Each structure stands twice: as C-alpha cells, then as structure tokens.
Protein chains: 4
Amino acid sequence: MIIVLRPKSTDAQIEHVLERIHELGFKPHLSRGELRTIIGVIGDENKLQAEPFLAIPGVEQVLPILKPFKLASREFNPADTVVQVGRVRIGGGEMGMIAGPCAVESAAILDAIAGQVKAAGANLLRGGAFKPRTSPYSFQGLGEEGLKILRAAGQKHDMPVVTEVMDPRQVPLVQRYADMFQIGARNMQNFDLLKEIGQTRKPVLLKRGMSATVKDMLMSAEYILAEGNPNLVLCERGVRSFEDSTRNMLDLSAVPNVKGMSHLPIIVDPSHATGRPDLIPAMACAAVAAGADGVHIEVHSCPEKALSDGHQALLPKQYAELMDRLRRLAEVVGKKIS
Amino acid sequence: MIIVLRPKSTDAQIEHVLERIHELGFKPHLSRGELRTIIGVIGDENKLQAEPFLAIPGVEQVLPILKPFKLASREFNPADTVVQVGRVRIGGGEMGMIAGPCAVESAAILDAIAGQVKAAGANLLRGGAFKPRTSPYSFQGLGEEGLKILRAAGQKHDMPVVTEVMDPRQVPLVQRYADMFQIGARNMQNFDLLKEIGQTRKPVLLKRGMSATVKDMLMSAEYILAEGNPNLVLCERGVRSFEDSTRNMLDLSAVPNVKGMSHLPIIVDPSHATGRPDLIPAMACAAVAAGADGVHIEVHSCPEKALSDGHQALLPKQYAELMDRLRRLAEVVGKKIS
Amino acid sequence: MIIVLRPKSTDAQIEHVLERIHELGFKPHLSRGELRTIIGVIGDENKLQAEPFLAIPGVEQVLPILKPFKLASREFNPADTVVQVGRVRIGGGEMGMIAGPCAVESAAILDAIAGQVKAAGANLLRGGAFKPRTSPYSFQGLGEEGLKILRAAGQKHDMPVVTEVMDPRQVPLVQRYADMFQIGARNMQNFDLLKEIGQTRKPVLLKRGMSATVKDMLMSAEYILAEGNPNLVLCERGVRSFEDSTRNMLDLSAVPNVKGMSHLPIIVDPSHATGRPDLIPAMACAAVAAGADGVHIEVHSCPEKALSDGHQALLPKQYAELMDRLRRLAEVVGKKIS
Amino acid sequence: MIIVLRPKSTDAQIEHVLERIHELGFKPHLSRGELRTIIGVIGDENKLQAEPFLAIPGVEQVLPILKPFKLASREFNPADTVVQVGRVRIGGGEMGMIAGPCAVESAAILDAIAGQVKAAGANLLRGGAFKPRTSPYSFQGLGEEGLKILRAAGQKHDMPVVTEVMDPRQVPLVQRYADMFQIGARNMQNFDLLKEIGQTRKPVLLKRGMSATVKDMLMSAEYILAEGNPNLVLCERGVRSFEDSTRNMLDLSAVPNVKGMSHLPIIVDPSHATGRPDLIPAMACAAVAAGADGVHIEVHSCPEKALSDGHQALLPKQYAELMDRLRRLAEVVGKKIS
C-alpha cells in the first residue's frame, strides 16, 4: 500500500501516519519527493484497510498495490479450475452449455424444451422455481413444485439441472433438487446467501451484479471460496448502462479479464444481457470466440406464452442452428462442445 | 399499453396480436397509420405484461402507458406520507436527521458519539451491527451484541435507533432491538427480505440500489407496501457511475423526482454517496435545499480508528457546524429541523 | 407519435393539444381509456418534434413511434452498403482490417510497421497526424508532416490510409493525403465537422462517442449521409462505464444492433475499447464472431517507446498470430479476410 | 509516479524499467516488498506519461501521484478566481445568474424574455444562435442574425450576453457579438475549439461533457488556460447515466469537488441536466446550497412554441419565484445574488 501525503502536510502529520503504520504491525518506508511525500507500507496487505489511513489529516491518497481477493486469484492457483456438475465439466477447454426456459411453468412444457435443447447439444438444463421479479405482482415461480418438475426433466433427459436460489432459508430445499445453484445478479452481494452456499459443496453459478466491477465479482467469489466451496463458475450477464436499446450492456471483455486475474471458469449469458432474441445468437458466438467456458441461453417453445421474460428466449429451432455455429467457433479457439 | 407493429407486418400477424389481447381479457384498439400500425390495449394495465407481446413476430415495440407501481404512487395517495419512528416524524415538513457511526464498535465509543450528535440536533441514532462488506476478510459487525449496545445508547440519549438488516432470518432479532429497519443498497432487490420486512409494521429505511432507477426503487417500495407495511422512508445514497473521484454519484434529482411520483418521504445519505468528508457538508446542504425529508450522516469521534468506512465520517464538531447551516436552509424551504 | 395525457387533464387541455396538432399540419386520433387519455398523431413523424408537446400543460408523456434517422435506416436501404476505400471493400461479407500505430512518429517506424501488418493481412493502414489528447501537454501529432509520411507508407505498401481529422478547417488538407477520414469518438457530435465531411465524397470511419447510444451514432451518421456522402463505415470502440479495470466498455452488441437498424457497415476497435493488450486478441475474435465488417487494431513495433497510447498496441508478431485466428473465425461466420 | 511490477518480474525486467526512467531524465527509487517490487519515479511528473511504462513487460500498474492539470489547480492558484463579464462578476461570493431561451428565435420573443428575467434578477442573458442538434433535420439556429438579435436585447436590457460557439471558424464572428463564449457539452473535448478560444481573452463558459469526469473537465480547462485565456467559468450540466426518467444525471458533488481541486468558478445548469421543468427549481436550490457560483436556467415565455428544447424551460413567472428562493438560500451559504 502506498500512502500519498498532501503537498503541505506537516512533520507532525507525517509522524502520526508512521506511528499508525507501526501500531498496525506494518513497516513504513518514507520517501520525500519534490512535490509529494509518499509512504510505502510493507507487510501483508490483505490485513490492511485503506479506509483508516484516508481519514488521517494530511493524507491525500491511499493506493492499494495488491488485489483484494486471494483464493480467487490466478496467483493463488495458476491452473484453470474445472468445475464438475454431474458428468459435465466446465472449464479447462470444456464448455457448459446451459439452456432452458426462464421459469419452470409446467412439466409438459419443460419436458418438451429439455428434449429439444438436449438434442441440440445443451448439457445442463436451467429453469427458475424462485423468480426475482421487479414487480410484486409478477409471476414469482412455482417454488418446490417447480424444483420437482425441473429435477424430473433433468433425470429423464440425463442433464444436470441449475436453478436460482434467492434466500438463505431456501438453500437446503434447493440443494435437494438442484445439481448446481444459481446466484442471480441481484444477489451477487447478498453476503449471507454467499456464505450459506459457501458452506455446501454443490457447484455454484455466480452471476455478475448489474453494477459490479469485475473485481467486485471476484470479491463475491472470494466469499464462497473462503467458506470452503471451490466449485464455482462465474457468469457475465451484462451491466447497467445508458444504452437504451438493449436491456443491459454485455461486457465480453470480462471473459479474458477474469481469466487473467482468476483461475475460475466464466460463462456468458447473452439472453439477460441483451433482452433481445435478434441479438442473442451474435453475442453467443462472440462469447465463444472470446474464450468463454460456456453459454447460458433461454429457450422456450412458445416465448409469447411464457410466464416470464419470454421475449428474451430463442425458439428450440433457433437454438439448434446457433449450437451448430458455436461448435465450429469453439473448435477454432481450441475448445470443445461435446 | 401501446403495441407498435413492424413496417411490413402481415394481416395474419396483426390478427394474431388482436387475438392474444382478447384472450388475456383486454380490448384492442387498432389504428393503421401511414408508416406504422399501432394497437392500443384498453383495460387494467397492472395486469398486463409487456414481455409476451414483445415475443410475437411482427411486434416492434411495446410502450407501457402507466407506471408499474400502484400503492407507492402519488395517484394512489395524493397527500405526503408521514412516517413515525418513536416520537420522531419524517415527512410532511418534518425532518429525520439520522446520525451515528458506520458500525457499532463498543458501548463507550457509541455513547460518546450519540451524546454529541444528539446535542447537535440529530433525532435518530444509526449504527451497524450486521455489516455488508465487499471483502469476506473485513470486519462484519458485532451482531446481537452490537444491537444491544445500540439500543442502550438510543435509550440513554432518547433517540430511536435505526440499523441494517441483511438476511430475512435476522428480521425477528433485529426487530427486538431496532426502532427502524434499514435495508441497504445491496439488498434493495433482495425480494425475500423485502417481503419479510413488509410483514412487520416497523418503520423501514429503504436505500436505493447502486444501479437502480428511481422507478426500480419505487417497485421495491411496492413490495413492502403490498405486504402491508406502510411505514416506509426512501433514501437516495448515490449510484454507480464512471466518475472516479467520488465513491458514487449522488442523484439529488431523485428527491423531487420521487416526490412527484410518490407520496413516500425520501431522505439523503451524502456519506455513502461521496465517500469523502470534504464533500459531505455541501451535499447535505444541497439535499435539504432540494426538499429532502432528512439527512443521514456518518459521524465518528475518531474516523481513523473506525473499524469500517471511517474515511466517510464527519467529526462530531463538523456535524454540529453543519447542522447549524442545515437548520437555516430548512427554514428557507419551509421545513423544520427540531 | 403517441401523446399520453395526465390522469386529470381537463377538456380544455385536451382541446389545446388537438389544436396544436392541427396547427402543425397533422391529424390527431383521440382515445379515452379508463386510466389515461391518449392521442395518436398521424403524419410524417420526421417533421414532428416531441419537445413542444412535452411543454403543454396536461401532457404526461410523448412516445415517438418511428426512429429519428432515415437515410441511415435499414428500411430506407434494405441491402448492406459496401464502402470502397481504394481497392478495399468494407461490408457485404468483405472485411476492413485496419492496423497501424496510434500516431505517425517517423517515416522509418511507420514503414516498418506497415510492412509487417501488410504481411499479416491488414488491408488498410492507420496512423494519426492530428491527435486528440486529454492533456495540452501531451504529443499532439506531426500535422501535415505526419500526413505525408502516412501517404508515402501507404503507397509503398499498397494500402489505402485512414487518419483522423479533428477540425473542419483541416478537412481540405487531410483530404489531399488520406484515403479515408476518421472521425474520433470525441468528435462524433461535432456537427460542423460532420457536415464538412459530408460534403466530400471520401470514405469516412465514424467512431462511436464515449457516451453515445447506438441511435445517437446513427443520428450522427445521418448528418453525413444527409450532406450527400454515402461512403460511411461505423466503428464501435467502447463506451464509458463504471468498470475500472478496462479503459472503456466494448459494446459488441452494437454490431448486430446496428445491422438490424441500418444498412451501414460497422467495424470494431478493441484497442481503444480495452486499453489493454492482454484483452485485445480475445475482443478482436469476439468482434469477428459477432459479425463485424472489420477490426481496427493498433500495432507498434516498440509500444514502450511510442509517443502516444503505446500501452494499447500489439506487437507485429502478436498481430500476425491474431490475424491467423481471425481468418478462421471469419470463415465460420461466412465472411472473408482477403 | 509509482510503478508496480508483476509478482514474478525478472531482474532483467526491473533493470530495463530503471534504465528507461534514467533515459527519460528521472530518478528511480526501488523498493522490494514481500509480494511486489515497486519503483518510485522522482522528478516533474507533468513531463511523464504513464503509457510507455505500462507497455514494458513485467509492469503491472502505473500509479500517478500528481493531478494531470496545473494551471487549473488550486495548488497553482490558492485564491478563488473571479471572472468578470461586462459589469458582472462570477466567483468569490458573487453569482452569475444566466437566463434566457434555448435558442434565439426572434427579436420580439427574446426582448420579452430578457425584460422578464432581468426584472427577476438575472444578470446574464443567454440564447443560442448556433445550435448543436442531434438530428440534422432539427432547427439549427439563426446564425449571425441570431447573434445580432441577442446583442441588441442584451444592450437594451443592460445584460452581458453568452452564446454557444461550436466551430473554430465561428470564433471571430461570435467574438464580435458575445460577451462570453459558451462551449457546449458535446465540444468539451473539441481541442481545436478550446485552443482557438484560449487565444482570445473573452470570458468562456465551459460545460462538462456528458461522459467527462471532473478531472477530464479540468484538463479541458487547462487547454484554455494554457493558451493564455484565464477568464474561465466551468458548468456542471449533468452526465449520462442509466436513469431513464431524467435527461441526464446532475452531479452536484462536482461543485465542492471542483472547488477543492481548482480555483475556477463553477455554475450549474439544471435545465439541460434534468430536461424536466418540474425538477429544475429544486435542483437550482440545491446548486446554490452546494456552493455554486451561479445558475444557468432556460426561460421561455411559451415553451410549447419554442423551436428547441422548450420542454426544459421555465416560464418567466416560475423563474421569478425561484429567484426569490435562490436569493434567500444564497444568503445562508454566504453568497450574494445582486
């Protein structure tokens, strides 16, 4: 950590900063420049907080040198992590192709969709039983009934299932039915939920928050890893921006960016990011070319009758065509969609 | 709701949209223009969802006409709501002046701060016992011990206390000690928490999410109101932006904006918004001049030794000077800081 | 255009709106709903402005139905536009691969880089002679001397050259040396510059402004097209966001988004978007997979000695490796890098 | 400047960085920590660029210590600058109250508005003769005719006039008629325009760009100051954000933020920021309370017939009521509206 002092900081102020550094068990390293005095703080930065120093009179800036996450970092684990969900492996060249409807609506609808996406090459089935909806008057999901339907469809079509959990109290219930937890964008910093899921050993799909930086996402990952659950897959799904013709702005640079900083796999969800079926295929292609470890796509056999977010779903036929192209793109970048 | 069709939509497509509208129990109103065909949908828009229509081939845009919230709207309740917390009233010209440290650290520190902010004119005491921290390695709050300390300080200094609740499981515990729940920015769309708190009748301070629009905030308010809890105060605390010299961007226009759309009181938190003590006083003054129903400020007697976010706290002396100015500004805009 | 009236608008207010519509030569179409009265305005919306209606008392919202651009729209010109720059064609399946240093620094350096990027498959040479720099103290470009060096390098290596023009007064000068004008992000809404360039017939590369929506970009394109210059290529180069680990946020969904709304070709610049050489290759791959009509990449033989923005340049060797991969990706999506 | 090396940087890499620092005429200061090696660079940071160092292999981060602007900085000039426009003084406790229509439309309309805003207490008259419009089909201003009308109204009502200049070629023309140049948000980084205006000595109102940070704005100010024109007033007018119920997001914290970093006066424009007359008065009040050196408000006697942006104008009567309140708020914060 580097502490930069204001131009006219007094000797007493400098002395005070040095004392605080010693008090906290670190070693200061003073350097008086022409225009600014700076103090390097030597020791385990993970135990240091910038805040207390910023509050000392005479301090202008505090510049952290190290990244604030540890277990999630590439330095901690140089090799790519591969997360196993049932027989499916995500990471290290293998792709998690997640597909299914936004919400579980009925056994018949889900069964039909599951069969079609499986045939097209999807290897994980998604479907929401607990739905985070902006409006309290919107369909909130079927709850446990939905979980049962999802599990049955997964077993019939031999696909592990992933579903969202929104409340720490739901964790034991969802754990019984799901092969992979999903933590949605709105809950990326629901720290109690992160801790609860960190205490299980079930795979987790952690979606990026709508205004989370890549570092924020890795800090939330750190919460889960620190509790002992290493089976973590990240998901870029777009962030809030001023652009008003798409639902969110898909930040595909998050894929190589995460891969540089972390060993964790990262997949991309172009459905929620764009909210527009006409843009989803191009963005799915771009995600694979960018090096993503999988793609998460909403598919519905009749989007106009879907109970939630049908307008961001592909038809099964569109999904099958897209998968064809994704397979060929994956090959070019050295990946494999099985 | 207005449905706009694509330029070359076919008669069959138009017919299909009309049928769907009838099926859903609404009345369509077709209007063929030179360049576009549009369909008005007549009936209770609260029961309509834009999404299913967007998914119909031939549909270009769906334009909602009504706001998606109801109980929170000014139309539903034209008079300003006044929320009572203990003897303190927030709204309708009376101001909630909330002050205190970021986190409850010890009885002695809190007691000292409480005495000073009370003397300066604060009427509600804040202090976190459960802290949402970006890093799992940061101080997470004292838990129930912190709640006890907070309650004791509030009683001694005769101030109702407000404290954050992060997890639906904590609601009964926090309810025993607090006079007002705080829902933090990261939990503004933690819908299970909103519902749980909506089922109590205790006053709530709902903070705007970091990437929430004003309408999103009112939709979250709607969750709480729909469960039956009318004692709701909103809080503007800054949103994420590209500006890198402040922690967040304080959107003061949210104050008159909310007041136009809703009857709920709204206060402003310049501490979290700016993260810079040098900017807090000016932003607190601006908030009062903009018509806010209160100001939420972090105060610490020794910010540099605070266990969390000390760098955004004012000293008790600075707070007292500021309160003086706020009182005079409140008078100009027809409000009263008691 | 749809005009929505406030819930309690009076008959006099409604009458007043109807009169104004007639005055402006349009036909109103009144529809009184249960909760809102709405008025459709029939006629050529391009001649209508939303603003005057918003200012009428009783008007709540004005919803435009048509897009505000015309010549740039896909409806106006359903086929893909192909822009010819020298012998290079951009659009309609053919790719503009633009490469070169950020700034022209010397004949020797540029000659070396031009030879290398040409060998790797670039077909257009870039280099700035007039540089828009945030600081007045930074290198501002070599001016006409730089243009001469650029032209000579282009001729020697048989590549058309593209260079930025920042000031309407420079247009005649730059026109003498360049094969394609570049309008930078900071000048996307420099309307006098757009008009001046619209009066030439030389190809233009128009970069998206840092806070421009896709529609804003198409409106700026409309300025150039309306002056009579149809030789226009758009460029996505990232927008401002809260993410602090990349220079800008690359919005790749702009590629299919523009292609849906417009007939104009669009290329992608991952160098300025990310500002990080470690992310450029993945983003270039993603751009091609997303359907871009070209990629714009900064290449420098010694980035650390470059006079501007060296840190976002690839080495010639890295560029050659990347081009190899781009060629194979282009093939998968049905494009050709010659 | 602090250079942070990657964890496993080699001795050769470190040596290479040290050499480059020496080559550039600076003195390096090496410090090997447990986890990172860092190098301080001692000397005039204004002559240093971060970019070349970022491009050296082994370099992880480059942290500038000093602000990149000099003449605009508070350190360079500790006292508040007061800018004189005719007899009006802006800064140092005196307020520039700018009012008038968005565009100059006719002598009669402008004369009426000028008389009314003058009576209400405005001391500077605004009106656009060259209008930057998103659409090429919108009213573009009356040009020189508009300048003449503006000048005549200013003389008749004894108010200096301020008007926008968009093109360096217009500077001599506008200079003949205006008392103060306005540089609009879209031209904040039109560096050729900044330089041209920097070469005059006429006062300038520089508006913040829609995606400019406060530091970017001060860098643009630096361009004008560096050319020799010290008569500079900044203007906060809102930035782009995801909030969709206001036109832009007014960043009032820019007022104290600029005042901390710079000696230049700063005024606030709530009209363009909000685009909503119902929010303008509250935001004008907030601006004054935040310490702004003036307020810029659009006023039109018949907003619904205005040729541009009428919907963001106050009526003269509303303006007069607002001025009354602003006067009393200014007094509380120690300022004077004459």
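The values are calculated or read from the model by the stated rules, or taken from the named source; none is laboratory data. All of these numbers come straight from a predicted model, not from anything done at the bench. Positions of Cβ are backbone-derived with ideal geometry, glycine not excepted, and every protein chain shown enters the neighbour counts. SASA here: full protein model, heavy atoms, side chains in, ligands and nucleic acids out. Shrake-Rupley method; radii C 1.70, N 1.55, O 1.52, S 1.80 Å.
Details
- Global geometry of the protein assembly as shown, whether rounded, prolate or oblate, following the gyration tensor of its Cα atoms and the 1.5 cut on a/c: rounded
- Only one residue of D:56, D:197, D:322 has its Cα farthest out toward the positive end of the dipole of chain D, where Lys and Arg carry +1 and Asp and Glu -1 on Cβ, and that residue is D:322.
- Against the criterion of solvent-accessible heavy-atom surface with a 1.4 angstrom probe, D:271, A:106 sort, most first, into A:106, D:271.
- In the context of the full set of protein chains, residues of the stretch A:116-189 present 32 Å² of accessible surface per residue (probe radius 1.4 Å, heavy atoms only).
- Under Karplus coefficients 6.51, -1.76 and 1.60, residue-wise ³J(HN,Hα) of the stretch B:2-9 in Hz, glycine/proline x: 10, 10, 9, 9, 5, x, 10, 5
- Ligands, DNA and RNA left out, the 1.4 Å accessible surface of chain B is 51% carbon and sulfur atoms.
- Taking 0.36 nm per residue of separation and subtracting the Cα-Cα distance, full extension of the segment from residue C:328 to residue C:19 would add 105.1 nm.
- Starting from the label point of residue A:86 at 7 Å along Cα→Cβ, the same points in the other copies fall at 5.6, 5.6, 7.8 nm, in ascending order.
- Trypsin sites (Lys or Arg not before Pro) within the stretch A:127-201: DSSP coil, no more than 13 neighbouring Cβ in 10 Å: A:201
- Restricting attention to the protein assembly as shown, close to 40% of DSSP beta bridges with both partner residues there are antiparallel.
- Ranked by solvent-accessible area (1.4 Å probe, protein heavy atoms only, all chains present), the residues B:296, D:29 order from largest to smallest as D:29, B:296.
- Three-way shape call for the stretch A:194-338 based on the alpha-carbon gyration tensor, with the a/c threshold at 1.5: prolate
- Shielding value for A:261-271 is 0, the average number of Cβ atoms from other chains within 10 Å of each residue's Cβ.
- Think of chain C as having a plus end and a minus end, set by charges on the Cβ of Lys, Arg, Asp and Glu; of C:238, C:277, C:257, C:277 sits farthest toward the positive end of this dipole.
- Pairs exceeding a 24 Å alpha-carbon distance, out of C:305/C:335; B:118/B:305; D:70/D:195; A:195/B:131: C:305/C:335.
- Averaging Cα coordinates gives a centre for the stretch C:112-148 and one for the stretch C:295-325; these two points are 12 Å apart.
- Site pair residue C:318 and residue B:82 shows an inter-label distance of 6.5 nm when each label is modelled 7 Å from Cα along Cα→Cβ.
- The mean number of Cβ atoms from other chains found within 10 Å of a Cβ in peptide A:327-338 is 3, as a whole number.
- Based on protein heavy atoms only, the stretch A:1-93 ends up with 50 Å² per residue of surface accessible to a 1.4 Å probe.
- For the stretch A:227-248, a drop of 50 Å² or more in accessible area on going from the chain alone to the assembled protein chains (1.4 Å probe) is found at A:240, A:242, A:243.
- Descending semi-axes in whole angstrom, ellipsoid equivalent of chain D, from the Cα gyration tensor: 44, 20, 19
- Ligands, DNA and RNA excluded, the heavy atoms of residue D:161 present near 0 Å² of accessible surface to a 1.4 Å solvent probe.
- The stretch C:59-75 - phi-based ³J(HN,Hα) in whole Hz, Karplus 6.51/-1.76/1.60, Gly and Pro as x: 8, 9, 9, 10, 10, x, 9, 9, 6, x, 10, 10, 5, 7, 7, 5, 5
- Cα gyration tensor, the stretch D:130-211 - rounded (a/c under 1.5), prolate or oblate: oblate
- Label-point distances for residue D:331 to the equivalent site in the other copies, using a point 7 angstrom along Cα→C-beta, read 1.0, 8.1, 8.1 nm when ranked shortest first.
- Dipole magnitude of the protein assembly as shown about its Cα centre (Cβ charges: Lys, Arg +1; Asp, Glu -1), debye to nearest 20: 0
- P(r) tail fraction, the stretch D:230-298 - alpha-carbon pairs more than 16 Å apart, %: 42
- Both chains summed, the buried accessible area for B and A stands near 4200 Å², from protein heavy atoms and a 1.4 Å probe.
- In the stretch D:292-316, the residues that give up 10 Å² or more of accessible area when the other protein chains are added, compared with the chain on its own (1.4 Å probe), are D:303, D:304, D:305, D:306, D:309, D:311.
- Unit charges on C-beta of K, R, D, E only; dipole of the stretch C:1-73, Debye: 200
- Threshold 30 Å², the stretch B:129-147 residues less accessible with all protein chains present than alone (1.4 Å probe): B:133, B:134, B:136, B:137, B:140
- The residues of the stretch A:241-316 expose, per residue, 17 Å² of accessible area to a 1.4 Å probe.
- Solvent-accessible surface of protein heavy atoms, probed at 1.4 angstrom with all chains present, puts D:302, A:285 in the order D:302, A:285, largest first.
- Charge dipole (debye, nearest 20) of the stretch A:56-119; +1 at Cβ of Lys and Arg, -1 at Cβ of Asp and Glu: 200
- Distances in nm from residue C:12 to the matching label points in the other copies, shortest first (labels 7 Å along Cα to Cβ): 5.4, 7.0, 8.7
- For the rotational copy pair A/B, the chain A residue whose Cβ lies nearest the symmetry axis, together with its distance in Å, is A:211, 2.
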